[in-house]
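**Q** Can you read through this structure? Questions will come right after.
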Amino acid sequence: MKRYRLLAWTPILLLASLAALTFWLDRSVKSGSPLGVRDPSNPDVIVEDFSANLFNPDGSPRYALVAHRMEHRTDEDSTALETPTLTHYMPGKAEVQVRSEQAHVSHDAKEVVFTGNVRIVRAADARSGPITVTTSQLNVFPDQDLARSDKEVTITGEHGTLKGVGLEFNNLTRQMRLRSRVRGEFKNPRSPPD
């Protein structure tokens, strides 16, 4: 008879043990004991083969952001990207792509800072061939369609090269402005090839 009573109490004892363990774990995490400590400088989210898209109200694509790896850190509330590519689409205009070795996205996603071998490529359009811009750092403001750099910049097109320090690129108007120390080499498109 005692044996059957012990078997009857076994599920209750197991549930009580589980409740006690749950209570202890909860207290350990909330009290900051070593069991619940997490280094805030370590990423809380890691995504391999990251991809994000933003669409216009009519459903057409506005821009796409892809990266080999994305890491979010709670201590800075920022996002780091490895080998990112930002592609901007605009109806009736050639797409513009920004690539680099790394990028950091601000906590509100209003600014993306590209660093390490930054390359902007504007595809060819009906008026001109492709244009490539290279620099070491570029601050992109996707919602404003603006990109800025205070570093040395090289702009290469089908008819020549411009170099300078500081760049402002308005993606809506497709105008690029170099701020200082501008120099360049151009060839006449009508002259015979070398």
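The values are calculated or read from the model by the stated rules, or taken from the named source; none is laboratory data. Small disclaimer: the values here were computed from a predicted structure and weren't measured. All Cβ positions, glycine included, derive from the backbone under ideal geometry; neighbour counts span all protein chains shown. Ligands, DNA and RNA are excluded from the accessible area calculation, which covers all protein heavy atoms including side chains. Shrake-Rupley method; radii C 1.70, N 1.55, O 1.52, S 1.80 Å.
**Q** Does any residue of the stretch 151-162 turn out to be in a strand (DSSP E or B) and closer than 15 Å to Leu65 by Cβ? If you could, list the steps in order and put the result at the bottom.
**A** So the first thing to find is which residues in the stretch 151-162 are in a strand (DSSP E or B), and the list is 151-157, 160-162.
Next, from what is left, pick out any that are closer than 15 Å to Leu65 by Cβ: none.
No, there is no match, as no residue in the stretch 151-162 is in a strand (DSSP E or B) and closer than 15 Å to Leu65 by Cβ.
**Q** Would the stretch 49-69 turn up any residue that is modelled with pLDDT of 90 or more, surrounded by 13 or more Cβ atoms within 10 Å (Cβ to Cβ) and among the acidic types (Asp, Glu)?
**A** no
**Q** What number goes with the only condition from (1) free of Cβ contacts under 8 Å to residues at least 40 places away in the same chain; (2) of a type outside the set (Ser, Thr, Tyr); (3) open to solvent by less than 20 Å² (accessible area, probe 1.4 Å) that Leu146 does not pass?
**A** (3)
**Q** Determine whether Ile46 is outside any helix (DSSP H, G or I) and either at pLDDT below 85 or more than 30 Å from Val118 (Cα to Cα) (or both). I'd like the intermediate steps shown before the answer.
**A** Values: outside any helix (DSSP H, G or I): yes; either at pLDDT below 85 or more than 30 Å from Val118 (Cα to Cα) (or both): yes.
The answer is yes for Ile46.
**Q** Does any residue of the stretch 20-42 turn out to be of a type in the set (Asp, Glu), at pLDDT below 90, surrounded by 10 or more Cβ atoms within 10 Å (Cβ to Cβ) and more than 28 Å from the chain's Cα centre (by Cα)? Write out each step before concluding.
**A** Filtering the stretch 20-42 for residues of a type in the set (Asp, Glu) gives 26, 39.
Then drop every residue that is not at pLDDT below 90, which leaves 26, 39.
Narrowing further to those that are surrounded by 10 or more Cβ atoms within 10 Å (Cβ to Cβ): 26.
With more than 28 Å from the chain's Cα centre (by Cα) added as a condition, the list becomes 26.
Checked the stretch 20-42: at least one residue is of a type in the set (Asp, Glu), at pLDDT below 90, surrounded by 10 or more Cβ atoms within 10 Å (Cβ to Cβ) and more than 28 Å from the chain's Cα centre (by Cα).
**Q** Something else about it: Just give me the residues in the stretch 124-150 being out of contact with any Lys or Arg (no Cβ under 9 Å at 6 or more places or on another chain) and among the aliphatic types (A, V, I, L, M), in sequence order.
**A** Ala124, Ala126, Leu146, Ala147
**Q** Of all the residues that make up the stretch 95-121, how many are open to solvent by 10 Å² or more (accessible area, probe 1.4 Å), touching a strand residue (DSSP E or B) at 6+ places or on another chain (Cβ under 9 Å) and either outside any strand (DSSP E or B) or among the small types (Gly, Ala, Ser) (or both)?
**A** 8
**Q** Which of the residues belonging to the stretch 160-171 are within 20 Å of Glu95 (Cα to Cα) and either more than 24 Å from the chain's Cα centre (by Cα) or open to solvent by less than 20 Å² (accessible area, probe 1.4 Å) (or both)? Quick ask: steps written out before the conclusion?
**A** Filtering the stretch 160-171 down to residues within 20 Å of Glu95 (Cα to Cα) leaves 167-171.
Answer for the stretch 160-171, where residues must be within 20 Å of Glu95 (Cα to Cα) and either more than 24 Å from the chain's Cα centre (by Cα) or open to solvent by less than 20 Å² (accessible area, probe 1.4 Å) (or both): Leu167, Phe169, Asn171.
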